[in-house]
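Here the structure comes first, spelled out in structure tokens, and everything after it is commentary.
The numbers here are math on the coordinates, done by the rules we state, and not lab data. On a predicted model such as this, the values are computed, not experimentally measured, just so you know. Backbone-built Cβ (ideal geometry, glycine too); neighbour counts: all protein chains shown.
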Amino acid sequence: MQTIVKPKPFVKWAGGKRQIVDILIKEVPPEFNTYIEPFVGGGALLFELLPKKAIINDVNSELINAYLVIKNFPELLIKSLKKHKNEEEYYYKIRALDPNKLSPVERASRFIYLNKTCFNGLYRENSNGQFNVPFGKYKTPKIVDEENIKIVSEYLNTADITIFNSDYKEVCKLAKKGDFVYLDPPYHPLSKTSSFTKYTKYDFTEKDQKELAEIFKELDRKGCYVILSNSNTEFIKSLYKDYEIKEILANRAINSKAEGRKKAKIEVLIKNF
Ligand SMILES: C[S@@+](CC[C@H](N)C(=O)[O-])C[C@H]1O[C@@H](n2cnc3c(N)ncnc32)[C@H](O)[C@@H]1O
């Protein structure tokens, strides 16, 4: 069956690339073997590109469980999502549940529900790995996007997509000559207090950014096409000074203050081809 409507990210994700996907797509190599996205998050580029063969990964277990449930049990997930209520007391009851004690479907349903109804749609965990974002008080959040779940599911089943929940380094080891690797790690903070880097209890530090730059170079040596997104800071530009660096206009990261939403050249794309 031909899919007419394109899939789109099924969660709102901090650092999600939907608003710059039109810029990204123009940078994609015209031909490649496997598409590899080691920090997939909401998968904005994956769903725009719709590669026939891909490896996707994220360290966030809740997110990856949701991908797997959408792939394998979309109808059960839709049924479960329909039971949720956009009410404050109910929200905190669901938030308090331990995801490890839920079935995969209930766990994905809780995760998507919290993402749609929490403040700013920002996934954040405390040092114990618990989701700790307050209720968002939205009037009509779209808790169940039935059509999109079905379309995402169809895509994940018709294309050859391998899904991992691992550290990005493990997945980068799988890349071969001719593969296209899109690296979208947590941003290097623009200022000490501004940016969001903690998607899970594990932070992504400057040491991690340096290790990632080494892996970028390794992928380059292997003959992969590599694109990396990051924030436009001197530190990041110095790590990739031997490569083409494009400064791009983007809205600031999820930020409730209007001032924080102005467009600025706050992001870079780094390419090896
Ligand atoms: C900037 S977001 C990616 C956004 C994505 N491109 C999108 O459009 O939604 C970075 C992602 O990296 C993941 N992450 C953080 N540390 C990681 C690690 N060590 N290995 C793999 N994924 C990691 C986070 O969970 C987060 O989903």
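Structure values in brief
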item: By average C-beta atoms within 10 angstrom, highest first, the peptides 103-114, 4-15; result: 103-114, 4-15
item: Ranked packing of 170-177, 43-50, most packed first, by mean Cβ within 10 Å; result: 43-50, 170-177
item: The chain: proportion of alpha-carbon pairs further apart than 24 angstrom, %; result: 49
item: Förster radius 25 Å - calculated FRET efficiency between ASN128 and LYS210 (Cβ-Cβ, nearest 0.05); result: 0.35
item: Footprinting exposure proxy for ILE70, ILE245 (fewest neighbouring C-beta atoms within 10 Å first); result: ILE245, ILE70
item: Nearest-ten-degree value, helix 61-72 long axis tilted from longest Cα axis of the chain; result: 80
item: Over 28 Å (Cα to Cα) - which of LYS173/LYS210; LYS8/LYS271; LYS79/LYS173 fall in this group; result: LYS79/LYS173
item: Acute angle (nearest 10 degrees) that the helix 146-158 long axis makes with the longest principal axis of the chain, alpha-carbon atoms; result: 50
item: Helix axis angle, 104-117 relative to the chain longest principal axis, alpha carbon, degrees; result: 80
item: Fewest-first sequence of TYR243, TYR168, TYR91 by Cβ atoms within 10 Å of each Cβ; result: TYR243, TYR91, TYR168
item: Prolate/oblate/rounded call for segment 50-107, Cα gyration tensor, a/c under 1.5 rounded; result: prolate
